[in-house]
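Let me begin by presenting the structure, written as structure tokens, before commenting on it.
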Amino acid sequence: MIGGLFIYNHKGEVLISRVYRDDIGRNAVDAFRVNVIHARQQVRSPVTNIARTSFFHVKRSNIWLAAVTKQNVNAAMVFEFLYKMCDVMTAYFGKISEENIKNNFVLIYELLDEILDFGYPQNSETGALKTFITQTGIKSQSKEEQSQITSQVTGQIGWRREGIKYRRNELFLDVLESVNLLMSPQGQVLSAHVSGRVVMKSYLSGMPECKFGMNDKIVIDKQGKGGATDEAGKSDLGGSGGGGGKQSIAIDDCTFHQCVRLSKFDAERSISFIPPDGECELMRYRTTKDIILPFRVIPLVREVGRTKLEVKVVIKSNFKPSLLAQKIEVRIPTPLNTSGVQVICMKGKAKYKASENAIVWKIKRMAGMKESQISAEIELLPTNDKKKWARPPISMNFEVPFAPSGLKVRYLKVFEPKLNYSDHDVIKWVRYIGRSGIYETRC
Amino acid sequence: MTDSKYFTTTKKGEIFELKAELNSDKKEKKKEAVKKVIASMTVGKDVSALFPDVVNCMQTDNLELKKLVYLYLMNYAKSQPDMAIMAVNTFVKDCEDPNPLIRALAVRTMGCIRVDKITEYLCEPLRKCLKDEDPYVRKTAAVCVAKLHDINAQLVEDQGFLDTLKDLISDSNPMVVANAVAALSEIAESHPNSNLLDLNPQSINKLLTALNECTEWGQIFILDCLANYAPRDDRESQSICERVTPRLSHANSAVVLSAVKVLMKFMEMLPKDLDYYGTLLKKLAPPLVTLLSAEPELQYVALRNINLIVQKRPEILKHEMKVFFVKYNDPIYVKLEKLDIMIRLASQANIAQVLAELKEYATEVDVDFVRKAVRAIGRCAIKVEQSAERCVSTLLDLIQTKVNYVVQEAIVVIKDIFRKYPNKYESVIATLCENLDSLDEPEARAAMIWIVGEYAERIDNADELLESFLEGFHDESTQVQLQLLTAIVKLFLKKPTETQELVQQVLSLATQDSDNPDLRDRGYIYWRLLSTDPVAAKEVVLAEKPLISEETDLIEPTLLEELICHIGTLASVYHKPPSAFVEGSRGVMHKRLPARTGSGESTESPDVGTIAGGSGTETAPSIIPSQGDLLGDLLNLDLAPPTTTGPPPPTSGMQMGGMDLLGGGLDSLLGGDIGGSAAMGAGFGAVPAVMPASLNAPMGGGLGDLFDLGGGVGMPLGAYIPPKTVWLPAMKAKGLEISGTFARRAGVIQMELTLTNKAMSVMTDFAIQFNRNSFGLAPAGPLQVLSPLSPNQTIEVSLPLSTVGPVMKMEPLNNLQVAVKNNIDVFYFSCQYPISMLFVEDGKMERQVFLATWKDIPNENESQFQIKDCHLNSDAASNKLQASNIFTIAKRTVEGQDMLYMSIKLSNGIWVLAELRVQTGNPNYTDLEISVKCRAPEVSQCVFQCCEAVLKN
């Protein structure tokens, strides 16, 4: 298991040092500084073995976190723990910086004592931790409070405490997708995938049992066969799809927050859970089939002699005319020996950025089913370089108000049997945001 | 709140001031002072002098202050054991506190204080806490048992804490269960023979139930523990798999990887024709792909594991090539790993895409990455024959860039391509020669020299080129010197007239002016060869070289199996068994995959499916050296194995820097003569270029090898010949009795017959015919019975056999139906020949080829057998087997077990690979175990019978 945990600043000075195991000595602290932080080379591996001691390290801004061990530990667990440690610290005091760490070092020691025992990660849910570890010292607790804390920390739902009350029961669902594309100059899709997240922010009283439904192909097909009427489908949560009227989507893979009952998902493919209070990432997923590509880029590059290039790029928006895409940016690479560029664009602003070797074309907003065009003349310096220009792909950035995967939230039902509010009393909000991941068209 | 001020006190007399503050009456001031002390402690200042003052602050109802004091105590108690005793009372009192948080805090802290006197006082409170009504206290106490065990194992046993801990596995609270599992697993690791984690179907069921309820970390503890269980049969295995698969959708990558480990392991036991087996395979791919969208550090861990999974079960990810394409902003360690997996997944179907990508990568900035990409192109050429031409032209394009390291790397891989496809791409030699001057790395120089020597007859100025290298002979690295020596000898043998002077020069440089014994010895051998028998020299030096195999960087199968059992852990990241980097008793246990039920006797063998803490003779990871042997050396192949030649690629570079410091772990694991490099090679997919091992390796081996070849293929005496048996009794054949046996003499299979005439009349006109049989055995000539056989006369006849007759599969496989005719009648009988008759003399496989072939043959083709009561040591066994053309390729000794790796080639070209395990340490254990792997699994049984017969005679 983890033998010790150190936090360093960028100079290699120790800010936090907590040793759990006898086999980790003070010299380990120095070994890491000398071999990794002060090493001239960039990091060649996130796991470094120095004198039979293994160091797992991650860097957040210019703070290093290093977990140290001499045993054959579960490496994936150690990294997951380090990330979790960062999350916990952020939840307590914001950005991870030298200043913040120094200001909260007592708190950090207290947290480390709690979430890592003899190198074994314990409960690391901030929700639970905050009930008994606070920045402003320890409150005195009544006996009931104490037993409530301990049962929550060790309980089956360590991520939520009992007795939460809201006057207004409200929940927000964000479907955040990033759509990735690699397209050939002829418009053939070489690879495309969407990686999405469903982020839930909930302000619900008590211990609400939630059930989340989406247009998962497997579920819809099953229901179709069973002939069951889907009352939840009539719910007002239907998203505003951008493209066609796709009924269901095939999900390649998905992972869930630990609050979701996985065995239930495996058996019935239903997503049920008691959510943590506040924000959590309920689910991550990946799809590759029938993706709605919000934009199509049509490039045309013509070499006029040896010293001139003519570039014409058309972009077409491919979604409902009533929707608006935002923050559109097209990046057209130019050769290294470019001496001058003239650009004309129909919409937005375009600029040649010599330092980035690219023409950057920005459009604030664009409705669906529209098209726009840019043409540029690129003057080149004659060079002796025989090597041809490699023509890097044209990349694009944008944000659209729908889910390019076609995912739709069908329902999110809330049951709280002990309290007197029903599913209908909960105010629910759903938002879809599709962003570009790596969205490239070769030219 | 600005606690940062505590970090900035660097005044003199600080300790004195702190002391005063600690003894202050004001609570606030005290707390401030303790904070300052902790801050000083953190930055590494020695504040142990304040021990009594800090401990005095312990008696407080302020929990925050208490925690700070505890932190101090954990750090310094060991250096001040006598004073630490002062704290005991407070601890004991706190363990009785009504607040469960304080009870837990006390027991948790007490366990961290490694002072014997304190530990004694810990026992009673710990016992209470283990049975505390509050689960928070119990889960803390469970871990405390592991702490105490680390300090004083005997005490824990004497106090009966282990039993209490075992009881906690049935606790109602899932977190208590998880921590108890973690503690027991850790304790079990240091007691390999105890049966602490008494895993049985009932306890497994409890664990699986807790798995659904506990925290993400608890799930990891439980899954890692489950992975050590050996299910009794495939049904149990399947039911566990079914309950573990939901974990594949967990957001925590470690949960996913640990679940993958359990599934990969238990899958071994499932029959492949089971529907569920296919379903499971399909379920594994998506979560593995999803791991690649995690943070880069986790991606790295995932990729190192995927590398293993792809080697073990290529089918899982064979369609997922694209996800391993390198992204522009991936960190370098992710890029390098992805590249490795891309090559493993490359196949004819996707090679075009892969090549296009690799070409892109070769123009990147990071030198290591570019080198690896260039190397990868070469590996693709060797792996996918159809793409070889395209790869070569890509490499030529890259050489044209004149980027120094790209050119050198390209030359090294082109040499490998020449070795894989001789006489195909030599037209590019001219281009290569143009770059001769720019080569400054030994490996590239050596590769180029090899090419010049090998193709000396096609390069007009080969002598000039080689001569130019000769000028600075003594400044070259050994690798280049050896290569230059061989290349010039080759040149001389090809163009003897013009190069006599040159060869003399190099021989004298090597033998007279060099301190390097390796170089000197090789020089002498060439010299003697050339002076005594130039024709023989030609045969040896210009002998046809074996083709290189495509996958030389595969992890040796036994090690791979072990690493699969360690998925998710450091071992899987380093690609080394835990014993290579963990000190002490932990990690010495070797894990193995469970055997499929019903395959031979394997289920009964003690070392299958070891439980952590279970007993058993463990096979250590055996590493077959992947370097060409010394014979190969003399044959000028000393560039080490192809495709992985050269400075260790960056993968290893980045870790080996640290790993080197690890010292002898690996060496001792390997035994001296193989040297660390082979293991590194196996572990990191790279083998250092020169064989440092060969420097101190006994030259005798090399000579032996040389003579082995020179000595020709003469059949060593002593091949096993079964005694003659009666095949045709006289009763059934009108007085003719035939008994016989089979032998292989000097490469010829012979049927040795004894014909006895027990009838009253003379027998003449003998003839023999075989029915079609499994291996196409047929008489190579007529049955030579020259004189008539008179009554009561016996005659011995030897009938040479060929293996070119018609083939039909027989049952049993080695059954032969024979018809013998004489002047009286035709008689039919059938006999069984030992399959060893069919083992040909050139059945010694190259090591790399062996490794690749072993990997290549699917696991279900492996059968295991036991040979009972065989009193042989491994050398004797090896000799006996060798006499029957069962060749030992490598031998490893691990923990009292000798492992012999053997190859056999049948007359019809079928290769049979075998692993023989001999217990050397234990004279009472006389059973040998043999695993046989062959593409045609039918022959395994016959081969085994043969081995048994050979070994027992």
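Pick from B:229, B:276: which is surrounded by fewer than 22 Cβ atoms within 10 Å (Cβ to Cβ), more than 12 Å from chain A (Cβ to nearest Cβ) and over 21 Å from residue A:84 (Cβ atoms)?
Working: B:229 fails: surrounded by fewer than 22 Cβ atoms within 10 Å (Cβ to Cβ).
B:276 is the lone residue from the list that is surrounded by fewer than 22 Cβ atoms within 10 Å (Cβ to Cβ), more than 12 Å from chain A (Cβ to nearest Cβ) and over 21 Å from residue A:84 (Cβ atoms).
Here is a check on your reading of the model: is residue B:741 at pLDDT 85 or above, surrounded by 16 or more Cβ atoms within 10 Å (Cβ to Cβ) and over 25 Å from residue B:839 (Cβ atoms)?
Numbers: at pLDDT 85 or above: yes; surrounded by 16 or more Cβ atoms within 10 Å (Cβ to Cβ): yes; over 25 Å from residue B:839 (Cβ atoms): no.
Judged against the criteria, residue B:741 is not a match.
Out of the range B:86-105, which residues are within 12 Å of chain A (Cβ to nearest Cβ) and outside any helix (DSSP H, G or I)?
So the first thing to find is which residues in the range B:86-105 are within 12 Å of chain A (Cβ to nearest Cβ), and the list is B:97-105.
Within the range B:86-105, B:97, B:98, B:99 qualify.
Count, please, the residues in the range B:86-100 that happen to be among the hydrophobic types (A, V, I, L, M, F, W, C) and surrounded by fewer than 23 Cβ atoms within 10 Å (Cβ to Cβ).
Of all residues in the range B:86-100, those among the hydrophobic types (A, V, I, L, M, F, W, C) come to B:86-88, B:91-92, B:95.
Narrowing further to those that are surrounded by fewer than 23 Cβ atoms within 10 Å (Cβ to Cβ): B:86, B:88, B:91-92.
The number of residues fulfilling the criteria is 4.
Looking at the range B:176-192 only, could you name the residues that are within 28 Å of residue B:239 (Cα to Cα) and either of a type in the set (Ser, Thr, Tyr) or away from chain A (no Cβ under 13 Å) (or both)?
B:185, B:188, B:192
Restricting attention to the range B:823-840, report how many residues are in contact with a Phe, Trp or Tyr (Cβ under 9 Å, 6 or more places away or on another chain) and part of a loop (DSSP other than H, G, I, E, B).
Residues in the range B:823-840 being in contact with a Phe, Trp or Tyr (Cβ under 9 Å, 6 or more places away or on another chain) and part of a loop (DSSP other than H, G, I, E, B): 3 in total.
Taking residue B:108 as meeting all but one of (1) surrounded by fewer than 20 Cβ atoms within 10 Å (Cβ to Cβ); (2) within 14 Å of chain A (Cβ to nearest Cβ); (3) not acidic (Asp, Glu), write down the number of the exception.
Unmet for residue B:108, out of (1) surrounded by fewer than 20 Cβ atoms within 10 Å (Cβ to Cβ); (2) within 14 Å of chain A (Cβ to nearest Cβ); (3) not acidic (Asp, Glu): (1).
Using the structure shown, decide if residue A:355 is among the polar types (S, T, N, Q), assigned to a strand (DSSP E or B) and more than 20 Å from residue A:293 (Cβ to Cβ).
no
Checking residue A:407 against (1) surrounded by 16 or more Cβ atoms within 10 Å (Cβ to Cβ); (2) part of a strand (DSSP E or B): exactly one of these is not met. Which one?
Among (1) surrounded by 16 or more Cβ atoms within 10 Å (Cβ to Cβ); (2) part of a strand (DSSP E or B), the lone unmet condition for residue A:407 is (2).
Can you pull out every residue in the range B:207-257 that is among the β-branched types (Val, Ile, Thr), under 17 Å from residue A:121 (Cα atoms), in a helix (DSSP H, G or I) and out of contact with any Ser or Thr (no Cβ under 7 Å at 6 or more places or on another chain)? Explain how you work it out, then say what you get.
Taking the range B:207-257 as the starting set, the residues that turn out to be among the β-branched types (Val, Ile, Thr) are B:209, B:215, B:220, B:222, B:240, B:244-245, B:255-256.
Within this subset, residues satisfying the condition of being under 17 Å from residue A:121 (Cα atoms) are B:215, B:220, B:222, B:255-256.
Cutting the leftovers down to in a helix (DSSP H, G or I) gives us B:220, B:222, B:255-256.
Hits for the range B:207-257 are B:222, B:255, B:256.
Within the range B:45-72, can you find the residues that are within 12 Å of chain A (Cβ to nearest Cβ) and either part of a helix (DSSP H, G or I) or under 51 Å from the mean Cα position of the chain (by Cα) (or both)?
Hits for the range B:45-72 are B:45, B:46, B:63, B:64, B:65, B:66, B:67, B:68, B:69, B:70, B:71, B:72.
Kindly provide the set of residues from the range B:903-936 that are within 16 Å of residue B:838 (Cα to Cα) and surrounded by fewer than 22 Cβ atoms within 10 Å (Cβ to Cβ), ordered by number.
If the condition is that a residue be within 16 Å of residue B:838 (Cα to Cα) and surrounded by fewer than 22 Cβ atoms within 10 Å (Cβ to Cβ), then B:905, B:907, B:908, B:909, B:910, B:911, B:934, B:936 are the ones that fit.
Which residue is farthest from the chain's Cα centre (by Cα), if the candidates are limited to the range B:787-809 and must be small (Gly, Ala, Ser) and under 30 Å from residue B:840 (Cβ atoms)? Spell out how you get there, then give the answer.
If we filter the range B:787-809 for residues that are small (Gly, Ala, Ser), which is where we start, we get B:787, B:790, B:798, B:802, B:805.
Now drop any that are not under 30 Å from residue B:840 (Cβ atoms), which leaves B:798, B:802, B:805.
On the way: B:798: 47, B:802: 40, B:805: 41 Å.
Looking at residues that are small (Gly, Ala, Ser) and under 30 Å from residue B:840 (Cβ atoms), I get B:798.
State all residues of the range B:136-175 that are farther than 18 Å from residue B:188 by Cβ, assigned to a helix (DSSP H, G or I) and facing chain A (nearest Cβ under 10 Å); if no residue qualifies, say none.
Across the range B:136-175, the qualifying residues are B:136, B:137, B:138, B:139, B:140, B:174, B:175.
Checking the structure you have, find out if any residue of the range A:409-429 is basic (Lys, Arg) and in contact with a helix residue (DSSP H, G or I) (Cβ under 6 Å, 6 or more places away or on another chain).
Start the filter on the range A:409-429 by keeping residues that are basic (Lys, Arg), which leaves A:410, A:413, A:418, A:428.
Add one more test, that the residue is in contact with a helix residue (DSSP H, G or I) (Cβ under 6 Å, 6 or more places away or on another chain), and what stays is A:410, A:413.
Checking the range A:409-429: at least one residue is basic (Lys, Arg) and in contact with a helix residue (DSSP H, G or I) (Cβ under 6 Å, 6 or more places away or on another chain).
Condition test on residue B:554, is it surrounded by fewer than 23 Cβ atoms within 10 Å (Cβ to Cβ), at pLDDT 90 or above and not basic (Lys, Arg)?
On the way: surrounded by fewer than 23 Cβ atoms within 10 Å (Cβ to Cβ): yes; at pLDDT 90 or above: no; not basic (Lys, Arg): yes.
Criteria not met by residue B:554.
Can you tell me which residue is farthest from residue A:184 (Cα to Cα) among those in the range B:333-360 that are in contact with a helix residue (DSSP H, G or I) (Cβ under 6 Å, 6 or more places away or on another chain) and within 12 Å of chain A (Cβ to nearest Cβ)?
By that ranking, first place goes to B:333.
Return a yes/no flag: does the range A:380-387 have any residue that is among the hydroxyl-bearing types (Ser, Thr, Tyr), surrounded by 14 or more Cβ atoms within 10 Å (Cβ to Cβ) and over 21 Å from residue A:435 (Cα atoms).
Here is the first cut: in the range A:380-387, the residues among the hydroxyl-bearing types (Ser, Thr, Tyr) are A:383.
The next check asks that each one be surrounded by 14 or more Cβ atoms within 10 Å (Cβ to Cβ); those that pass are none.
No, the conditions are met nowhere in the range A:380-387.
Would you pick out the residues in the range A:98-107 that are in a helix (DSSP H, G or I) and at the interface with chain B (Cβ under 7 Å from one of its Cβ atoms)? Don't jump to the end; show me each part of the working.
Of the residues in the range A:98-107, the ones in a helix (DSSP H, G or I) are A:98-103, A:105-107.
Across the range A:98-107, the qualifying residues are A:99, A:102, A:103, A:105, A:106.
Which residue is modelled with the highest pLDDT, if the candidates are limited to the range B:4-18 and must be within 58 Å of the chain's Cα centre (by Cα) and away from chain A (no Cβ under 14 Å)? It would help to see each step written out before you state the result.
So the first thing to find is which residues in the range B:4-18 are within 58 Å of the chain's Cα centre (by Cα), and the list is B:4-12, B:14-15, B:18.
Checking the rest, the ones that are also away from chain A (no Cβ under 14 Å) come to B:11-12, B:14-15, B:18.
Values: B:11: 58, B:12: 60, B:14: 77, B:15: 80, B:18: 85.
Out of the qualifying residues, it is B:18.
For the structure I just gave you, tell me whether residue A:175 is modelled with pLDDT of 95 or more and buried (at least 18 other Cβ atoms within 10 Å of the Cβ). Please lay out each step first, then the result.
Values: modelled with pLDDT of 95 or more: yes; buried (at least 18 other Cβ atoms within 10 Å of the Cβ): yes.
Against the criterion (modelled with pLDDT of 95 or more and buried (at least 18 other Cβ atoms within 10 Å of the Cβ)), residue A:175 qualifies.
The values are calculated or read from the model by the stated rules, or taken from the named source; none is laboratory data. Source: prediction; values computed, not measured. Cβ atoms come from the backbone with ideal geometry, glycine included; neighbour counts cover every protein chain shown.
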